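Peer 1: The following block contains the structure, expressed as structure tokens.
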Amino acid sequence: SPAETVRISPKMTEESGAAPQTVDTEAPHYSLLLVEDNEELLYLMERILSRRYHIIMAKNGIEAFELMKDNEVDIIVSDVMMPEMDGLELCRAIKGNLETSHIPIILLTAKNTAEDRIECYNAGANAYISKPFELKVLEARLDNFLMDKKTKQEEFRTDIEDINFNLLDATDIDKEFLKKVIEVIQENLSSSTFDVIQLADALAMSKSSLYRK
């Protein structure tokens, strides 16, 4: 895609001479997959966001999808207009795959009509940000997503009286998966030898894939 302008406040650039942002060493080290074919923008985002996230980079959707097979990813930021596989195709592929459907996706788009926004959401995107954008806005959106995800997970874990799938704001694929997990566990409550390996086998998943879910 053509070069985009990213607005960055002076305090966010290394050239400004400002002190680096502090990193909360007690916070989880989340993995962020950046997908962008504009190398200048890709490495700019990587330089800024690597202060707080473990960064994985890809230059198109195909490369990103391949990287996800061997890397644990907590959240994805992807451009829409890319060669080989664009952001919308990547979004549909991720949300349609059980092993990756739970991962939040933020799309970056230079288009900003109502039809473009609808297309992003129909592809399964959790949010979109219009170009040009300020990196501090992207950082705030990432923080919001991860904090909201953690809060909903905690609410779900403590809701022992009534299992409410809506607390997770999950995709239909993930809701069906979680229902199956609960069914299998309930069927094996009386077994003292039932473990995570047997659970993974019953779900036709590898142990590592089940752990990521």
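Peer 1: Considering every Cα-Cα pair within segment 65-213, what fraction, in whole percent, is farther apart than 29 Å?
Peer 2: Beyond 29 Å sits 25 percent of the P(r) for segment 65-213.
Peer 1: Using each residue's phi in segment 66-78, evaluate 6.51 cos²θ - 1.76 cosθ + 1.60 at θ = phi - 60° and report the 3J(HN,Hα) Karplus result to the nearest Hz, with x for Gly and Pro.
Peer 2: Whole-Hz 3J(HN,Hα) from phi for segment 66-78: 5, 5, 5, 5, 10, 10, 7, 10, 9, 7, 10, 10, 9.
Peer 1: By average Cβ neighbour count within 10 Å, what is the ranking of 186-193, 142-149 from highest down?
Peer 2: Details: 186-193: 8.8, 142-149: 15.1.
Those peptides, ordered most packed to least, come out 142-149, 186-193.
Peer 1: Give the long-range amide H neighbours of Glu134: residues separated by 5 or more places, or on another chain, with amide H under 5 Å away, using H modelled in the peptide plane at 1.01 Å from N.
Peer 2: Sorted by chain and number, the residues that satisfy this are Arg7.
Peer 1: Accessible area per residue for segment 92-135 in Å², computed with a 1.4 Å probe and the full protein assembly in place, what is it?
Peer 2: 43
Peer 1: Sort segment 25-80 into rounded, prolate or oblate with this rule: let a ≥ b ≥ c be the square roots of the eigenvalues of the Cα gyration tensor; rounded if a/c is under 1.5, and if a/c is not under 1.5, prolate when a/b is larger than b/c, oblate otherwise.
Peer 2: oblate
Peer 1: Do the alpha carbons of any pairs in Lys59/Lys131; Lys95/Lys207; Lys136/Lys175; Lys150/Lys179 sit beyond 29 Å of each other, and which pairs?
Peer 2: Lys136/Lys175
Peer 1: In terms of modelled amide H atoms, which long-range or inter-chain residues lie less than 5 Å from the amide H of Leu108?
Peer 2: Those qualifying (amide H under 5 Å, at least 5 residues apart or on another chain) are Ser78, Asp79, Val80, Ile129.
Peer 1: Something else about it: In sequence order, what are the phi-derived ³J(HN,Hα) couplings for segment 184-197 according to the Karplus relation 6.51 cos²θ - 1.76 cosθ + 1.60 with θ = phi - 60°, rounded to whole Hz, with x for glycine and proline?
Peer 2: Result, rounded to whole Hz: 4, 5, 5, 5, 10, 4, 7, 8, 7, 9, 5, 9, 5, 5.
Peer 1: Report ³J(HN,Hα) in whole Hz for each residue of segment 46-52, in order, from the Karplus equation J = 6.51 cos²θ - 1.76 cosθ + 1.60 where θ = phi - 60°; Gly and Pro get x.
Peer 2: In residue order, the calculated couplings are 4, 5, 6, 6, 5, 5, 10 Hz.
Peer 1: Turning to a different aspect of this structure: Roughly speaking, to the nearest percent, how much of segment 82-213's 1.4 Å accessible area is carbon and sulfur?
Peer 2: Working: 3870 of 7730 Å².
Carbon and sulfur: 50 percent of the exposed surface of segment 82-213.
Peer 1: I've got another one for you. What ranking do 42-53, 130-141 get when scored by the average of other Cβ atoms within 10 Å per residue, highest first?
Peer 2: 42-53, 130-141
The values are calculated or read from the model by the stated rules, or taken from the named source; none is laboratory data. What you see is a predicted model, and the numbers here were worked out from it, not measured in a lab. Don't worry about glycine lacking a Cβ; one is built from the backbone with ideal geometry, like all the others, and counts go over all protein chains shown. Heavy atoms of the whole protein, side chains included, go into the accessibility calculation; ligands, DNA and RNA do not. Shrake-Rupley method; radii C 1.70, N 1.55, O 1.52, S 1.80 Å.
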